[in-house]
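Visitor: Take this structure first; my questions come after.
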Amino acid sequence: MQENQYDQLLKDVERIKKCSLITKQEISKSIDSVLELLVEAKHQINEPMEIEDQEVRRRKIKDSINNLDEKLREKKPLKSVIDSHKKYFQYLSKYGKNIEKIFKSDINNVFKDTLVSFEKECVNEAIAEHLLIEKKFELYENFLKETGLSHKIDKEKQNILKTIQKIFDEFQTNQLNEAIKWAQTKKEELEDLDSPLLFYLHRLQFIQNLQKGKMESIQYARKHFKDFFNQKKFADQAQQVMFYILLENGKIQDHCQLDQSYKQVEELLLDNYCKIYNLTIKSALLQCLIAGTLALPKFLKYTQISSMDEELKDYHNKNEYPIEVEIGKDFKYHSIFVCPISRDVIEPDQNPVWLTCGHVISEASMKKITASANKEKFKCPTCPKEMTARETKKIYF
């Protein structure tokens, strides 16, 4: 950014500060003038009269109020406040436009081709996986054929996703047959997950039957709840379900909170289904897009600041950014630690080191830095903070 542009921004700030001060003074002056008129009107109204007469007093009060109204209209205190505010916001708007004009947000400046290398086939596979997760099966097959990846069509994964699509299509109409059928075939896997899914599905089906007729529900319970009564973790809940038989038909849905139950079971079903088949619920391509969108503003801000800082400009020639970008816990999928200095994955028997500035590096990297420093204190490789080795702490995952 040129020097005269920077000076212009400083002038804009000073103008805004000055205008803000004038606006405050104008508001204070207007309030004081209104208060003076109100006090004057109050004295006129409370002024003692030689002859106490109600009609005369009413006329006096009316005249005082009319006089106050005329003076307020003459002074126009609200107009002066509005005018001063208008001028202040004009300067503020101009300042914002100058900032946008000087600090242009060019996304191309953020991208570093030295940091990321894209393989066309890898990107195409990510797109194909996204189409598969979104259940666009026909589009998925056509895309792989057009990109020359038809040999990678995963028929097994397609069948798995078609099955869950059928289950959830039924769920939209509160039909549970396909879901129960699938859960029964995967009973052992669900037990390994310690999942109550099968019981919850049977409970929902029991309540559905109960709304049609109590005898049908009793027969369903005899057939499917026997095993659950013998399991300690389900025994109490199974007894509670049988209590629903005593409720009147109109109170069953309110007592059971069916809408909420369907939603909870649907979420549990999707989670268990994906765990059993080792599927990801979310598209990797979509997750990358969301993560990039969240991180982009911080990268843009850094790029703009670094263009004015000679020390930060040096990082443009390195394969890293000297900043940490936090995009939320939803985008953390594993607990491994990669040293930002050596780029090595820290083994479980090793421990990274927490520096006093908050940055974390591997112990091996810290030893190299302290050895090359040839003095007691060393500087953090990410920021200019100095510290001693004794001030650092080991982190245990």
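Visitor: Would you confirm whether any residue within the stretch 186-202 is more than 18 Å from N272 (Cα to Cα), among the aliphatic types (A, V, I, L, M) and outside any helix (DSSP H, G or I)? Don't jump to the end; show me each part of the working.
Guide: Within the stretch 186-202, the subset more than 18 Å from N272 (Cα to Cα) is none.
No.
Visitor: Another one. Within the stretch 221-230, work out how many residues are at pLDDT 75 or above and loosely packed, with under 12 Cβ neighbours inside 10 Å.
Guide: The qualifying residues number 3.
Visitor: Separate question: Which numbered condition in (1) assigned to a loop (DSSP other than H, G, I, E, B); (2) in contact (Cβ under 8 Å) with a residue 24 or more places away in the chain; (3) surrounded by 13 or more Cβ atoms within 10 Å (Cβ to Cβ) is the only one that Q175 fails?
Guide: It is condition (2) that Q175 fails.
Visitor: Additional query: Testing R57 on (1) within 45 Å of the chain's Cα centre (by Cα); (2) of a type in the set (D, E, K, R); (3) surrounded by 12 or more Cβ atoms within 10 Å (Cβ to Cβ), one condition comes back false. Which one is that?
Guide: Result: R57 fails condition (1) only.
Visitor: For the stretch 197-220, which residues satisfy the criterion of being surrounded by fewer than 17 Cβ atoms within 10 Å (Cβ to Cβ) and touching a residue at least 40 places away in the same chain (Cβ under 8 Å)?
Guide: Correct list: Q211 only.
Visitor: Mind checking which residues of the stretch 1-10 are assigned to a helix (DSSP H, G or I) and either modelled with pLDDT of 85 or more or of a type in the set (A, V, I, L, M, F, W, C) (or both)?
Guide: Taking the stretch 1-10 first, the residues assigned to a helix (DSSP H, G or I) are 3-10.
Of everything in the stretch 1-10, those that are assigned to a helix (DSSP H, G or I) and either modelled with pLDDT of 85 or more or of a type in the set (A, V, I, L, M, F, W, C) (or both) turn out to be L9, L10.
Visitor: Which pairs do you get when a residue that is within 13 Å of T185 (Cβ to Cβ) and assigned by TED's automatic domain parsing to the domain that holds W182, found in the stretch 270-281, comes within reach of a residue that is surrounded by 14 or more Cβ atoms within 10 Å (Cβ to Cβ) and among the polar types (S, T, N, Q), reach meaning Cβ atoms under 8 angstrom, with the pair 6+ apart or on two chains?
Guide: N272/S195
Visitor: Under the condition of being without any contact (Cβ under 8 Å) to a residue 24 or more places away in the chain and of a type in the set (K, R), which residue from the stretch 63-96 is farthest from K17 (Cα to Cα)?
Guide: Taking the candidates together, the pick is R73.
The values are calculated or read from the model by the stated rules, or taken from the named source; none is laboratory data. Source: prediction; values computed, not measured. Virtual Cβ from ideal backbone geometry, glycine too; neighbours counted across all protein chains shown.
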